[in-house]
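Before I ask anything, here is the structure I am working with.
The values are calculated or read from the model by the stated rules, or taken from the named source; none is laboratory data. On a predicted model such as this, the values are computed, not experimentally measured, just so you know. Every residue, glycine as well, gets a Cβ built from its backbone with ideal geometry; the counts of neighbours run over all protein chains shown.
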């Protein structure tokens, strides 16, 4: 009978260790889920910042083109021609 008691005690110890391990893994999983949520939020914020900076860069590039820097003479001429065409179109619309 003592052999059965030893087996039961061993089994109880193993089950208890499994429960402790399970609780530890559940806590670890919860921590990782929280960290993942925070990281996703940071990534989203940084993506929005990147988009804002890209827009700002494009705006500055257009402004620099309109100012007529030596590097962008061709772009400046094209932009001015485009603006003139737009103005002509608006005038034509107003004349109708």
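When you look at residue 35, is it at pLDDT below 95 and part of a helix (DSSP H, G or I), yes or no?
no
One line per residue, one yes/no per condition, for (1) more than 32 Å from the chain's Cα centre (by Cα); (2) modelled with pLDDT of 95 or more; (3) surrounded by 10 or more Cβ atoms within 10 Å (Cβ to Cβ); (4) in a helix (DSSP H, G or I):
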{"site": "43", "(1), (2), (3), (4)": "no, yes, yes, yes"}
{"site": "52", "(1), (2), (3), (4)": "no, yes, yes, yes"}
{"site": "55", "(1), (2), (3), (4)": "no, no, yes, yes"}
{"site": "78", "(1), (2), (3), (4)": "yes, no, yes, yes"}
{"site": "83", "(1), (2), (3), (4)": "yes, no, yes, yes"}
{"site": "90", "(1), (2), (3), (4)": "yes, no, yes, yes"}
